[in-house]
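*Asks:* Mind having a look at this structure? Questions to follow.
The values are calculated or read from the model by the stated rules, or taken from the named source; none is laboratory data. What you see is a predicted model, and the numbers here were worked out from it, not measured in a lab. Note that we place each Cβ from the backbone using ideal geometry, even for glycine, and neighbour counts take in every protein chain shown. When the accessible area is computed, the model is the full protein with side chains, heavy atoms only, and any ligands, DNA or RNA have been set aside. Shrake-Rupley method; radii C 1.70, N 1.55, O 1.52, S 1.80 Å.
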Amino acid sequence: MNRYLPLILLGVLLNASAQLCLKQGMRAIGHFAFSLSNLMPIGVKAALNPFVIMGLLCYVISVGVWMMALSRVDVSYAYPLLSVGYIVTAFAGQLFLGEELGPVRWAGILIICLGVFLVTRSAA
């Protein structure tokens, strides 16, 4: 199963990239009230925003990659590896978006790393 780890990680990285692109796109659009009157103006802004488009494209590709991975490995092996996305997204958020990672978040990331390590070590 470990031989499919690169395929799984590609899906995870695409998913994390989607999150970052969507966040950047929504930063450009800004805070908005969730109401019926905002549906069209915000919907059009989001649909035309290049970061939102790129984020959605990354999601679509990641689903295809994920389906390939699931056709090759146990879901009980692959699914926990999605948590690598939390790690990647936290670091990328700090690096590219200026988000802060405090001590509690660092502790959580370390716990996630330990869990991912244990899951990959259990592969047959």
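*Asks:* Search region 40-52 for residues that are more than 14 Å from residue 23 (Cα to Cα) and pair each with any residue that is not in a helix (DSSP H, G or I) when their beta-carbon atoms are under 8 Å apart and the residues are at least 6 apart or on different chains.
*Replies:* Correct list of pairs: 42/32.
*Asks:* Looking for something over 30 Å from residue 122 (Cβ atoms) and touching a Gly at 6+ places or on another chain (Cβ under 6 Å) - is there at least one such residue anywhere in region 10-23?
*Replies:* Among the residues of region 10-23, at least one is over 30 Å from residue 122 (Cβ atoms) and touching a Gly at 6+ places or on another chain (Cβ under 6 Å), which makes the answer yes.
*Asks:* Select, from 27, 3, the only residue that is in a helix (DSSP H, G or I), of a type in the set (D, E, K, R) and within 20 Å of residue 122 (Cα to Cα).
*Replies:* 3
*Asks:* Do we find that residue 106 is open to solvent by 80 Å² or more (accessible area, probe 1.4 Å) and closer than 29 Å to residue 122 by Cα in this structure?
*Replies:* For residue 106, the condition - open to solvent by 80 Å² or more (accessible area, probe 1.4 Å) and closer than 29 Å to residue 122 by Cα - is met.
*Asks:* Any chance region 83-94 includes a residue that's over 21 Å from residue 6 (Cα atoms) and more than 13 Å from the chain's Cα centre (by Cα)?
*Replies:* Scanning region 83-94 turns up at least one residue that is over 21 Å from residue 6 (Cα atoms) and more than 13 Å from the chain's Cα centre (by Cα).
*Asks:* For region 83-103, which positions are open to solvent by less than 70 Å² (accessible area, probe 1.4 Å), touching a residue at least 24 places away in the same chain (Cβ under 8 Å) and not aliphatic (A, V, I, L, M)?
*Replies:* 83, 85, 89, 93
*Asks:* Would you be able to say whether some residue in region 73-81 is under 30 Å from residue 121 (Cα atoms), in a helix (DSSP H, G or I), modelled with pLDDT of 90 or more and not aliphatic (A, V, I, L, M)?
*Replies:* Checked against the condition, which is being under 30 Å from residue 121 (Cα atoms), in a helix (DSSP H, G or I), modelled with pLDDT of 90 or more and not aliphatic (A, V, I, L, M), region 73-81 yields no hits at all.
*Asks:* Can you pull out every residue in region 18-72 that is surrounded by 13 or more Cβ atoms within 10 Å (Cβ to Cβ) and among the aromatic types (Phe, Trp, Tyr)?
*Replies:* 51, 59, 66, listed by residue number.
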